[in-house]
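Structure, as structure tokens:
The values are calculated or read from the model by the stated rules, or taken from the named source; none is laboratory data. Quantities reported herein were computed from a predicted structural model and do not represent experimental measurements. Cβ coordinates were reconstructed from backbone atoms using ideal geometry, including for glycine residues, and neighbour counts include every protein chain displayed.
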Amino acid sequence: MLALLWLVPAFPLFGFLVLTLLSGSETSRRTEALIGVGSVGISALLTMLIGIQFVFSPPAGHEYVQILWTWMDVAGFSPRIAFHLDDLSLVMISVVTFVGFLIHLYSAEFMRNDEGYPRFFAYMNLFVGSMLVLLLADNLLLLYLGWEAVGLCSFLLIGYWYQDPANGRAARKAFIVTRVGDTAMAIGLFLLFDNLGTLEIQELMGRAAQLWPIGSSLAVAAAALLLGGAVGKSAQLPLQIWLPDAMAGPSPVSALIHAATMVTAGVYLIARMHVLYSLAPVILSIVAIIGAITLLMAGFSALVQRDIKRVLAYSTMSQIGYMFLALGVGAWSAAIFHFMTHAFFKALLFLGAGVVILRLDHEHDMFKMGGLRKQMPIVFWTFLIGAASLSALPLITAGFYSKDKILWEVWSSTTGGVWLWAAGLAGALLTSVYTFRMVFLTFFGEPHAYVKEKSPLKAPGWRMSVPLVTLAVLSIVGGVVDLPETLGNLPLLSDLLHNTLPRAMLAAQSISTELILQIVAALVSLTGVLIAYVAFLARRSTAARLTKTPVGAALHRLWFSGWGFDWLDNEFIVQPFLWLARKDKNDFIDKLFQEVAVLNVRMANMLAATQTGRLKDYLLGIVVGAVTIIALVVLL
Amino acid sequence: MILIYLILWLFLGGLLAWLVSRWSTVWSRRVALFTAGAQLLYLLGIWLMNLSRPNLASSGAWLMEVDLAWIPQLGIHIHLGMDGLSLLLILLTDFLGVMAIAASWKEIQYKIGFFHFNLLWILAALLGVFLALDLFLFYFFWEIMLLPLYFLIGIWGHENRLYAARKFFIFTQLGGLLMLVSILGLYFVHGQNTGVYTFDYLQLLGTSMAPSTGMLLMLGFFIAFAVKMPIVPLHTWLPDAHTEAPTAGSVILAGLILKAAGYGFIRILLPLFPDAAQQVAPVAMALGVAGILYAAVLAFAQTDLKRLVAYTSVSHMGFVVIGIFAHNQLALQGAIVIMLAHGVTTGALFILAGALYERVHTRDLNQLGGLWSTVPRMGRVGLLFALASLGLPGLGNFVGEFLVLLGTYKVNAPVAVFATLGFIVATVYSLWMVQRIFTGPNLAGWQIPDFDRRELAIATLMILVILGLGLYPQPVLSTSQQTIQSIQQLTTREFHFLSDHLDHQGRAAIERVAPGRDLWIGPA
């Protein structure tokens, strides 16, 4: 079974190829959907079979390597096209293929009336294939290939509705900003290869641990450079600016790429390279701090958005901030656990929002919605479950277990501490406030006139409902795979992951402390819901009044614009670059050569002017010349 | 003798195409296509046969060699030799030649016979450059490329063609003259040292000379190659020439002529003047990096599609320059892969630009936009090659650029870091280009026919090559490996001796038998 591993990424890639070649021909939508959805479905099925075998009869050393061919072989640099399966990559590919399949199924209906149907599925398949290559790569160069390819798919799908220049701009921005991070990452690869002589991940980690002492400058530099790639892809400070704009893409794209999978590639990279990061504790602390700051800043921004998808985008940044926070304190498996539950509930929320947006003719403004609860029951209930999970409502939601694990390990980790924990807790409050603000604005209260105009709203068909319901179920029960000590003590997922990832270094804490912290966290998230209820449903005027005060208005502006990072980048990077390009469009170097040519022509003209054709001029010339020569001879 | 026939074949094919055009223009095109195509297939056969055989990979003799006296009184020979590197480059020459002929099928509508004669003449001269092992012969081929190219730009070019043709001619001619001076200088230095007056490359290798003489002679070659490469700031002829040339001219200029300069650096300059090359390396690498970034910004600034692509060429050649002067196996191998991949990528982009121009009669990006819905095939092809150009992994250019940077990092990390920044600007201009042509609103309301079968065939072949280079470049790398290794051994000879396992006596013995050629690959 394991030998079929290569087929897991191969099927979606093959689907991409077929769909690309088919586009333009007279293929029916049915066939196209069958290829697009089917290829990912087969991939998910294969992953399941491989996963079962891997978990129940694990290969030696809990890893399986499949070599396809040697990519290149020059002077000792010989990266292979090879896949490496271990518990970490298994968990990742399971989520990607399964959630990916559900989103593909949803898209078959969502995109039904779009003229670019095969193009959409081709890009989506390419994305899934590339993401799987990224996750399964056994060396950093192949990982980099997947890394860039998913970035490309993100670009293509953000700009999917290409006729609107705004979408093109958002797509470009996403690709360029992430490429800045990727460039740092590429330099990191040069550094690693130059010093350790390989890019094969397992070998690399072994050599790093052997050759580099903890805190060595090379390890710090390498970890920092790779972190550049990770913050770009995962939309963390300071390269986070592209994600909110990326919402220009169709909603299934946001669900798949900009929530569930691609944006967590940075988390995966750091977890995958955990040995290197353990050698660079400074960088690891920076990871935690970046995570903490991003989760708070994005949380505040999510609080004031009007566009439902932008709320979710900032929320994604914020939740990935939690994962970074976990990674930064060495809580590797907690980060992956949160990745998994986040993939379920955030994909669910995006898909739910997608139905709403589709039924309201691409209206994103929550203030033009309201009261959708009765009109779209399936969407409402599943969305509510997703929101509860995102807000980590205690006991019944998957989000509670994963977020709680992060908070607990941040608190008790030897490299964590109370400040990072407090940031996480404050973020939890923000999360439930902005989440339920969104729920109340969209589904409760009086329907906006716009909604009434569009009514009655058609219920989603089975291809959209099945993914919604499935994800809703997972958003609730997904937590049981890893129960904390206080609640059953059954950490299945962590045990699995600990075959690959080290355990978090926790200071000894009593179980009662854990219980107390859990109760605090639970109360905080419930408080958030209450605040949202009061401010955005019961007494809506409160919030409006707050934003009218000078301080409130200023904060609102700041948060709404994502803390002004776009402005900064525009003023200090984009505009100078454009100025330079405009100024030198005609290449000043060419001007210099032109001057030489002009000078030549001038000189030729001057000399030509002496050819007057008048005898007396020539005579004068001869006389002056002769006198000069004689004078020179005599004087010298 | 086969090597001479290869060159003659193209030249005679060109003559025949010219002759036939008196009766039938279609047959003129067919003759030209057949001439280049048949040779391409033949060379592919040779390549595939030798790939499995050990002689490419192991102790490399020339795959083919011929040495005839031409002007023996002056020590001038028709000495041609083909090893892995030359084989790759003449494969590229024939491949792009075929593409250029096919791409001109509808574009060129007058003086068709003369056009194909010129085109094949250039290919023949390029073959000569890539095969010559006699410096006089090398110079001869180097210069006879100019004339047909001058005609190509001047007769079939766009609006400003005469200006561009003249500028191109003057720049390269001046560079060429400096090279001639250097060749003669080397000839006399070697003659005075040994009493043997010869232009033979193999014999001139290892000529001992004062460092200052070496530097001067090296600079003559350097400037000639730097103009053609081009290295900033000697690049300004290129945007004009590329823009004004007809499609075939642009393809050949960007795809092949620039590669002749890269080849010159690797084959001629490094082995003949190892010390001087090493001294000038930091400057050359700095210029390379400057070129990568400067030309990338300029590319972004352009509104003329062909001019944009032309500047990207300058930018990409910067990688080749730093690869060559970083001068280790990784970087040199990378430089060769870039040369091949860039030839295909830029060739494809120029063909696309030409196909667009045929349909909308403008190259102005401000007048384009939203073409994806009317020409989706062109959009896909354009997108793919733009991605290749920005260095997307999985496509050929990435392999080359990554190897170059990896090798450069070992030698000079800051150069590698700054060069890597080129990736970002490349992303900016490539995406910008694709988006300005194919996305956004179609304000001008263009409704144009998509790629026809001929154009689709061209695009498909080029896509296959660029994908092959990106995903399985090993055959190419093994082909050039031997050449690179021997050139490296040659250039690091002194260093090699210091640290080598060769014992003192062994070294002395080699020095006696073949002074200065101890580690050279070729048959003595």
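For residue A:617, are the conditions met, namely being within 14 Å of another protein chain (Cβ to nearest Cβ) and either over 30 Å from residue A:313 (Cα atoms) or polar (S, T, N, Q) (or both)? If you could, list the steps in order and put the result at the bottom.
Values: within 14 Å of another protein chain (Cβ to nearest Cβ): no; either over 30 Å from residue A:313 (Cα atoms) or polar (S, T, N, Q) (or both): yes.
No.
Give the residue that is nearest to the other protein chains (Cβ to nearest Cβ), with candidates limited to residues of region A:143-163 that are outside any helix (DSSP H, G or I) and in contact with a Pro (Cβ under 8 Å, 6 or more places away or on another chain).
Step one: list which residues in region A:143-163 are outside any helix (DSSP H, G or I), which gives A:159-163.
Subset that is in contact with a Pro (Cβ under 8 Å, 6 or more places away or on another chain): A:160-161, A:163.
Numbers: A:160: 10, A:161: 10, A:163: 6 Å.
Applying the filter and picking the extreme gives A:163.
Let me spell it out: the conditions are (1) hydrophobic (A, V, I, L, M, F, W, C); (2) touching a Leu at 6+ places or on another chain (Cβ under 9 Å); (3) free of Cβ contacts under 8 Å to residues at least 24 places away in the same chain; (4) within 18 Å of residue B:231 (Cα to Cα), and residue B:326 meets all of them except one. Which number is the exception?
Tallying (1) hydrophobic (A, V, I, L, M, F, W, C); (2) touching a Leu at 6+ places or on another chain (Cβ under 9 Å); (3) free of Cβ contacts under 8 Å to residues at least 24 places away in the same chain; (4) within 18 Å of residue B:231 (Cα to Cα), residue B:326 fails exactly one: (3).
Mind checking which residues of region B:6-43 are part of a helix (DSSP H, G or I), over 22 Å from the mean Cα position of the chain (by Cα) and either under 24 Å from residue B:70 (Cα atoms) or without any contact (Cβ under 8 Å) to a residue 12 or more places away in the chain (or both)?
Applying the first criterion (part of a helix (DSSP H, G or I)) to region B:6-43 yields B:6-20, B:25-43.
Now drop any that are not over 22 Å from the mean Cα position of the chain (by Cα), which leaves B:12-13, B:15-20, B:25-31, B:34.
Selection gives B:12, B:13, B:15, B:26, B:27, B:30.
Checking residue A:149 against (1) within 15 Å of the chain's Cα centre (by Cα); (2) buried (at least 24 other Cβ atoms within 10 Å of the Cβ); (3) under 20 Å from residue A:70 (Cα atoms), which test does it fail?
Every condition holds for residue A:149 apart from (2).
Has region B:460-468 got any residue that is more than 10 Å from chain A (Cβ to nearest Cβ), of a type in the set (A, V, I, L, M) and over 24 Å from residue B:390 (Cβ atoms)? Even if it seems obvious, please write down each step before you answer.
Let us first name the residues in region B:460-468 that are more than 10 Å from chain A (Cβ to nearest Cβ), namely B:460-468.
From what's left, of a type in the set (A, V, I, L, M): B:461-467.
Keeping just the survivors that are over 24 Å from residue B:390 (Cβ atoms) gives none.
Checked region B:460-468: no residue is more than 10 Å from chain A (Cβ to nearest Cβ), of a type in the set (A, V, I, L, M) and over 24 Å from residue B:390 (Cβ atoms).
Search region B:414-443 for residues being within 8 Å of chain A (Cβ to nearest Cβ) and among the small types (Gly, Ala, Ser), and hand back the single one that is surrounded by the most Cβ atoms within 10 Å (Cβ to Cβ). Working first, answer last.
Step one: filter region B:414-443 for residues within 8 Å of chain A (Cβ to nearest Cβ), giving B:416-417, B:420-421, B:423-424, B:427-428, B:431-432, B:435, B:438-442.
Next, only the ones that are among the small types (Gly, Ala, Ser) stay: B:416, B:440.
On the way: B:416: 26, B:440: 22.
Of everything passing the filter in region B:414-443, B:416 is surrounded by the most Cβ atoms within 10 Å (Cβ to Cβ).
Among the residues of region A:550-604, which ones are among the β-branched types (Val, Ile, Thr), over 24 Å from the mean Cα position of the chain (by Cα) and surrounded by fewer than 13 Cβ atoms within 10 Å (Cβ to Cβ)? Break it down into steps so the answer makes sense when it comes.
From region A:550-604, those among the β-branched types (Val, Ile, Thr) are A:551, A:573-574, A:589, A:596, A:598, A:601; that's our starting set.
Right, trim to over 24 Å from the mean Cα position of the chain (by Cα) and you get A:551, A:589, A:596, A:598, A:601.
Correct list: A:551, A:596, A:598, A:601.
How many residues, within region A:374-403, are in a helix (DSSP H, G or I) and either out of contact with any helix residue (DSSP H, G or I) (no Cβ under 6 Å at 6 or more places or on another chain) or modelled with pLDDT under 85 (or both)? Give the steps one after another, and end with the answer.
Going through region A:374-403, the residues in a helix (DSSP H, G or I) turn out to be A:374-375, A:377-390, A:398-403.
Now restrict to residues that are either out of contact with any helix residue (DSSP H, G or I) (no Cβ under 6 Å at 6 or more places or on another chain) or modelled with pLDDT under 85 (or both): A:374-375, A:377, A:381, A:384, A:388, A:400, A:403.
Adding up the residues that qualify gives 8.
Within region A:474-512, take every residue that is surrounded by 14 or more Cβ atoms within 10 Å (Cβ to Cβ) and among the β-branched types (Val, Ile, Thr) and give me the one that is modelled with the lowest pLDDT.
Within region A:474-512, the match that is modelled with the lowest pLDDT is A:486.
What are the residues in region B:120-138 that are part of a helix (DSSP H, G or I) and either under 16 Å from the mean Cα position of the chain (by Cα) or among the small types (Gly, Ala, Ser) (or both), if any?
Those that are part of a helix (DSSP H, G or I) and either under 16 Å from the mean Cα position of the chain (by Cα) or among the small types (Gly, Ala, Ser) (or both): B:122, B:123, B:124, B:125, B:126, B:127, B:128, B:129, B:130, B:131, B:138.
Please tell me if residue B:351 is more than 12 Å from chain A (Cβ to nearest Cβ) and in contact with a His (Cβ under 8 Å, 6 or more places away or on another chain).
On the way: more than 12 Å from chain A (Cβ to nearest Cβ): yes; in contact with a His (Cβ under 8 Å, 6 or more places away or on another chain): no.
The answer is no for residue B:351.
Quick one: is residue B:125 more than 15 Å from residue B:267 (Cβ to Cβ) and surrounded by 22 or more Cβ atoms within 10 Å (Cβ to Cβ)? So that I can check it myself, show each step before the final result.
Details: more than 15 Å from residue B:267 (Cβ to Cβ): yes; surrounded by 22 or more Cβ atoms within 10 Å (Cβ to Cβ): yes.
Judged against the criteria, residue B:125 is a match.
Residue under question is residue A:175, and the condition is that it be at the interface with another protein chain (Cβ under 9 Å from one of its Cβ atoms), in contact with a Lys or Arg (Cβ under 9 Å, 6 or more places away or on another chain) and within 25 Å of residue B:369 (Cβ to Cβ); does it hold? Outline the logic, then answer.
Values: at the interface with another protein chain (Cβ under 9 Å from one of its Cβ atoms): yes; in contact with a Lys or Arg (Cβ under 9 Å, 6 or more places away or on another chain): no; within 25 Å of residue B:369 (Cβ to Cβ): yes.
So residue A:175 fails the test.
Give the residue, chosen from A:5, A:19, A:85, A:45, that is in contact (Cβ under 8 Å) with a residue 24 or more places away in the chain and either surrounded by fewer than 19 Cβ atoms within 10 Å (Cβ to Cβ) or within 14 Å of another protein chain (Cβ to nearest Cβ) (or both).
A:19
Say we look at region A:112-131 and pick out the residues that are in contact with a Pro (Cβ under 7 Å, 6 or more places away or on another chain) and away from chain B (no Cβ under 14 Å); which of these is surrounded by the fewest Cβ atoms within 10 Å (Cβ to Cβ)?
Here the residue is A:125.
Return the total of residues in region A:383-425 being of a type outside the set (Lys, Arg) and over 18 Å from residue A:316 (Cα atoms).
Keep residues of region A:383-425 that are of a type outside the set (Lys, Arg), which gives A:383-402, A:404, A:406-425.
This time we only want the ones that are over 18 Å from residue A:316 (Cα atoms), so: A:394-396, A:408-422.
Residues flagged as of a type outside the set (Lys, Arg) and over 18 Å from residue A:316 (Cα atoms) within region A:383-425 amount to 18.
Only residues in region A:572-585 that are more than 13 Å from residue B:300 (Cα to Cα) count as the first member; pair them with residues that are assigned to a helix (DSSP H, G or I) and basic (Lys, Arg), Cβ under 8 angstrom, at least 6 apart or cross-chain, and list the lot.
From region A:572-585, no pairs qualify.
Do you know which residues across region B:254-307 are assigned to a helix (DSSP H, G or I), within 20 Å of residue B:486 (Cβ to Cβ) and hydrophobic (A, V, I, L, M, F, W, C)?
B:265, B:266, B:268, B:269, B:270, B:272, B:276, B:277, B:281
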